[in-house]
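To keep things clear, I will list the structure first and then write my remarks on it.
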Amino acid sequence: MAAKPVVPPVADPAVVLQAFKAIDRKRRKLWQGEEEVRVAWISALEQANGLDFEAERQRRDSSYNNVVIEFKGPRLFKGSDKNAKFIEATDKRLLPYIKSLAEQQGLPQADFIGIAIDGEHLCFTQVREGAIHSGHLLPFSVEFFGLAVNACLDSTRPAVESTNLIRDFGHGSQFATGVMQVFSDALSAALNDPDSSKIKMLYEEWKSLYG
C-alpha cells in the first residue's frame, strides 16, 4: 500500500480572520513603534495557531522552531526591498540568526524560514548557500497574514535540544514508560519460555553484575 502524502496543517480560516482583525484594529490607530508591531503580531499569531513563541532570544525578535521573525517599526520598509531598514532586517538580522540556528541544531540553512515585518508589509526569506533570498514585499492583508500563520503552524517539529529530548524521551515521559513496559513484557515472556535458555543465562549474568 502506498504511503499517504503528508498534508501540512492549516489554521482555521475563521480564527485567522479574527486574529487578523485584532492586528488591523491596532494598526488603524497608527501604532507608534516597533514594540507595538511586535506585540500585536505575536499575540495574533499565537491566537491564530495556538503556539507559544520564543521572544527576544539571541537578539532575534521571535521564533517558532524553524520560523524566525524580525520586526521593524511601522512603515519603515516604505514598500521597497531596496530600503535600508529592509536590508537591515533581512541581511543583518535574519541571515545571521538563521545561520546560527542551523549550526546549533545541525540542520540545513534552507530548512528555516525568515519573515521580515514592519506592520504594513511582510516578506518571506530563505537562506541558501550562505546568502539570504527574499521574496516580494507583501502588503498587510488577511491572505498574507494567513501565510505567516500557516508557515508557523507547519513548523511544529520539536527543536532538537536537551529540554525537548528529556521531556519526550526521558524516564518520566509517556513514551519512555510505554517502551519500558514493552521491553519488560518481552523479557518476562522470554524468561517463561522453556526454549530460551540463552536469554535466561544472560539475564542471570546481568543480575549478578548489576542487580
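I want to confirm something. Restricting to region 168-204 and keeping residues that are at pLDDT below 85 and among the acidic types (D, E), which single residue is farthest from the chain's Cα centre (by Cα)?
D195
Please work out which residue is modelled with the lowest pLDDT, limiting yourself to region 108-134 and to residues that are over 27 Å from P74 (Cβ atoms) and surrounded by 16 or more Cβ atoms within 10 Å (Cβ to Cβ).
Among those that are over 27 Å from P74 (Cβ atoms) and surrounded by 16 or more Cβ atoms within 10 Å (Cβ to Cβ), it is D111.
Here is a list: L165, L137. Which entry is modelled with pLDDT under 80 and either surrounded by 13 or more Cβ atoms within 10 Å (Cβ to Cβ) or assigned by TED's automatic domain parsing to the domain that holds L17 (or both)?
L165
Would you pick out the residues in region 24-38 that are within 27 Å of the chain's Cα centre (by Cα) and part of a loop (DSSP other than H, G, I, E, B)?
G33
How many residues are under 15 Å from E204 (Cβ atoms) and surrounded by 11 or more Cβ atoms within 10 Å (Cβ to Cβ) when one looks only at region 174-192?
3
The values are calculated or read from the model by the stated rules, or taken from the named source; none is laboratory data. Not measured: the values here are computed from a predicted model. Cβ: placed from backbone, ideal geometry, glycine included. Neighbour counts: every protein chain shown.
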